[in-house]
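As structure tokens, the structure follows; a few thoughts come after it.
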Amino acid sequence: PSSLNIFHIEDLRGHGLFVMDAMLVYLLVDYFFGGKSQTHVKPEGRDFTLIQQRIIKTIVNLAFAGLSKAWEPVHVVNMQHVRSESNPQFAMVVSVSELVIAVKFQVQIEENARELFVVYPYSMLEPIKEKLYSGFISDHLEQDLPWSNRFKEQLQDCSVNAMVRLGTAKVRVRDVLNFAPGDVLVLDQGSNDPIDCFVEGLLKFQGSAVVQRGAQAIRVTRVLS
């Protein structure tokens, strides 16, 4: 069972669907009331309670406000909640032969991930399809250039893990079990070969071993793309 929420967009024809499965509804209700967002199973054949219906309506209205704002670069829309259903027979917004556009979102709550869908009939979006193909979005993105620059500046202050690999070797389990202090493990790296430097697991640089201020260090000799 799912929460099927029918909506209408002013100036556009037809109705769309905002769909949340029962598991997502339970997670959100549990989260709103201070729970641990544990999973539950909705009993078959039972409608959502009044409290759950009120939470659903609140979530739907918040989602419609966010979706309306997301549509602004293309077309100003006003998404209106018409009604909610749990029986698919009462939520038929298109005929079986009509095309629809389904947008899937993933909602992550603690360790639980659930999906919700926004379904637009093609006939609803057909009057504005030319706007969808135009450059309205690119014009809007140019207005976000200051935000993009601030994001890049803050990103440069983030910490990352760097690792230097001196070399590798293949050994037998018997040898590993017999290792003792003083044993020498021969690596496949020559003493004059460049040393690989990894950033977050990706090979980014090569260098040579040096001593800097009494500590072992790597002097970068090559930057890899």
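The values are calculated or read from the model by the stated rules, or taken from the named source; none is laboratory data. Computed from a predicted structure; not experimentally measured. Ideal geometry is used to build each Cβ from the backbone, glycine not excepted, and the neighbour counts take in all protein chains shown.
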Unmet criterion (only one of (1) in contact with a strand residue (DSSP E or B) (Cβ under 6 Å, 6 or more places away or on another chain); (2) not in a strand (DSSP E or B)) for residue 184: (1)
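On the given criteria, is residue 96 within 20 Å of residue 124 (Cα to Cα), surrounded by 15 or more Cβ atoms within 10 Å (Cβ to Cβ) and not polar (S, T, N, Q)? It would help to see each step written out before you state the result.
Working: within 20 Å of residue 124 (Cα to Cα): yes; surrounded by 15 or more Cβ atoms within 10 Å (Cβ to Cβ): no; not polar (S, T, N, Q): yes.
When the stated conditions are applied, residue 96 does not pass them.
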Among (1) surrounded by fewer than 10 Cβ atoms within 10 Å (Cβ to Cβ); (2) touching a helix residue (DSSP H, G or I) at 6+ places or on another chain (Cβ under 9 Å) - the single one residue 186 does not satisfy: (2)
Scope the stretch 12-25; condition over 17 Å from residue 106 (Cβ atoms) and either within 23 Å of the chain's Cα centre (by Cα) or modelled with pLDDT under 85 (or both); matching residues: 17
Candidate set from the stretch 179-225 (those that are under 14 Å from residue 167 (Cβ atoms) and hydroxyl-bearing (Ser, Thr, Tyr)); member that is nearest to the chain's Cα centre (by Cα): 208
Subset tally (residues that are exposed (fewer than 10 other Cβ atoms within 10 Å of the Cβ) and charged (D, E, K, R)) for the stretch 199-221: 2
Test: residue in the stretch 44-61 that is assigned by TED's automatic domain parsing to the domain that holds residue 124, of a type outside the set (Gly, Ala, Ser) and closer than 26 Å to residue 133 by Cβ: no
